[in-house]
Protein chains: 4
Amino acid sequence: MRSTTCFNCSDGERAAFELGIKLASFFHQYLGAPINLGNVDSMESAICEGILSQPFVTDAEISLDREEIERSVSGFGYCSLSERMMAGRVTIVYEGMEAVGELGWAEEMRYPLMRVVSVGPHGQKNDMDLE
Amino acid sequence: MRSTTCFNCSDGERAAFELGIKLASFFHQYLGAPINLGNVDSMESAICEGILSQPFVTDAEISLDREEIERSVSGFGYCSLSERMMAGRVTIVYEGMEAVGELGWAEEMRYPLMRVVSVGPHGQKNDMDLE
Amino acid sequence: MRSTTCFNCSDGERAAFELGIKLASFFHQYLGAPINLGNVDSMESAICEGILSQPFVTDAEISLDREEIERSVSGFGYCSLSERMMAGRVTIVYEGMEAVGELGWAEEMRYPLMRVVSVGPHGQKNDMDLE
Amino acid sequence: MRSTTCFNCSDGERAAFELGIKLASFFHQYLGAPINLGNVDSMESAICEGILSQPFVTDAEISLDREEIERSVSGFGYCSLSERMMAGRVTIVYEGMEAVGELGWAEEMRYPLMRVVSVGPHGQKNDMDLE
């Protein structure tokens, strides 16, 4: 089935599109935020709730790497949220199609990789984690 | 054909995913930048070249609304780049599949809408602009 | 007394400098974050704790305007954190000098004004709110 | 002389406050922007012109570290603008008082240090670079 109104693609493509939006907004919105072990729980919750407020998101998990934060904190007692610290998984459901994706630091590529874990009919077992 | 390595989706879905990433990074990265009629050309070019540096992007057009900027400039001579000023079109080609999408302010929704204009085999005429 | 090491200014100037940094990082870091009445408490706390993690900050209050958020939420159920929604007050203490400042939307200027409320010796009554 | 209207501080403190705002807006606005050797000139110009559009700025120099960018570019051909790549110097003049400041990566502190180079009457030789 084609995506409606002003979208011209399949529902699976639309779900994947929305997924890309959410992962990139996580990355570009919060990169650089001041962080340490004292406020990481609060920041994680706020980021996660922010993503859950966006359209078509049915699930979100955000994980900020405490070990990397601890390594990165300067003598001033905090550091800036960096691409190496950010990981998350987001689930989109659009018109019965589910897309699951992740953001995480890929050390071998030295890259904050955003990837599609699965796209398929919602309710089926299509969430194969490939790691 | 399935998208390779650590992606688990069709090439069209992958192209749509990459499209969503680029539109959202445009929005969340540059929203808030200081702008007026004197630096809008420079900012437009830099945003556009930034998007073109990202993977799978074959074309990008960025348009910052001069009239809205002029209306928004305060007595201090500049304003912050807002969602009403930002518009752009990005083309992704992934493994022969092309996805075209746009960001633009939709006044009737009061929303900075990101939408898929088309997804299809690259080289075919599938870029139907729906506006 | 002069500010030490690689700073070449008075302690009051240094406190004012640090104050400007904190107000601008609040504004430029979080502008654009997805927000609605459901996640505003969480976002407010995270922003506030982030500021408190930064050097020389002894107090921070953040207030995101619920009425403006409610007015701005689109049919998709959320909006982007805008300059009209953001308000805050930060206190810096540097070497015995206290600087207090605020960010808030000034409707008559149509501008997110950052201003110095007071600079003076910490512990004295110099925090005259001018509003 | 006291800073006017809704500011309650000396002109030197006000100049230092404005300086902190500009350095922090540079850092938090552009951190994370997609960058490589092909678009670094364009990004540098846009950032610089953006700062020059802000109030009380009389001079700005921005320098994005090409060597660090080259080292950081992934197999995807670009990287995200990081705190190690960002350097700049900004001059503020407020009511005859000049404040000069810098942002730059301080490797020994592992910190993107914002510092005041000088504050003093404009037109005098008070811009002693302490590096």
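What value, in deg cm²/dmol to 500, does the helix sum -39500 (n - 2.57) over DSSP H runs of n ≥ 4 give at 222 nm once divided by the residues of chain A? Can you show the working numbers first?
On the way: 3 runs with 40 residues, N = 131.
Rounded to the nearest 500, it is -9500 deg cm²/dmol.
Peptide packing: for B:11-19, B:90-98, the average count of neighbouring Cβ atoms within 10 Å per residue gives the ranking B:11-19, B:90-98, highest mean first.
Can you bin region D:47-119 into rounded, prolate or oblate? Criterion: square roots of the alpha carbon gyration tensor eigenvalues sorted a ≥ b ≥ c, rounded for a/c under 1.5, prolate for a/b above b/c, oblate for the rest.
oblate
Region B:58-116 and region C:43-80 have Cα centres spaced 25 Å apart. Under a model in which nothing but the beta-carbon of Lys, Arg (+1) and Asp, Glu (-1) is charged, the protein assembly as shown shows a dipole of about 0 debye around its Cα centre. Each residue in B:Cys79, D:Cys48 was given a count of other beta-carbon atoms within 10 angstrom of its own, and listing them fewest first yields D:Cys48, B:Cys79. Using the Cβ-Cβ distance between D:Leu37 and B:Leu37 with R0 set to 25 Å, the FRET efficiency works out to roughly 0.25. Relative to the longest principal axis of the Cα atoms of chain C, the long axis of helix C:11-30 makes an angle of roughly 10 degrees. Under a model in which nothing but the beta-carbon of Lys, Arg (+1) and Asp, Glu (-1) is charged, region D:33-131 shows a dipole of about 200 debye around its Cα centre.
As a calculated quantity, the FRET efficiency between C:Ala106 and D:Met109 at R0 = 41 Å, using C-beta atoms, amounts to about 0.70. Among chain C residues, the beta-carbon with the smallest distance to the axis carrying C onto D is reported, with distance in whole Å, as C:Gly20, 1.
Annotation for B:Ser45 and C:Ser45: the two label points, set 7 Å from Cα along the Cα-Cβ direction, are 4.7 nm apart. For region C:37-79, the set of chymotrypsin sites (Phe, Trp or Tyr not before Pro) satisfying both a DSSP loop assignment and a count of at most 11 other C-beta atoms within 10 Å is empty. Given a cut-off of under 8 Å on Cα pairs at least six residues apart, what relative contact order in percent is computed for chain D? Relative contact order here is 24 percent.
Indicate the gyration tensor shape class of chain C (rounded, prolate or oblate), computed on the Cα atoms with a ≥ b ≥ c the square roots of the eigenvalues: a/c under 1.5 is rounded; otherwise a/b larger than b/c is prolate and the rest oblate. Prolate, since a/c reaches 1.5 and a/b exceeds b/c.
No lab work stands behind these numbers, since they all come straight from the coordinates. In this text, all values refer to a predicted model and were calculated from it rather than measured experimentally. Cβ sites come from the backbone with ideal geometry, for glycine too, and all protein chains shown count toward neighbours.
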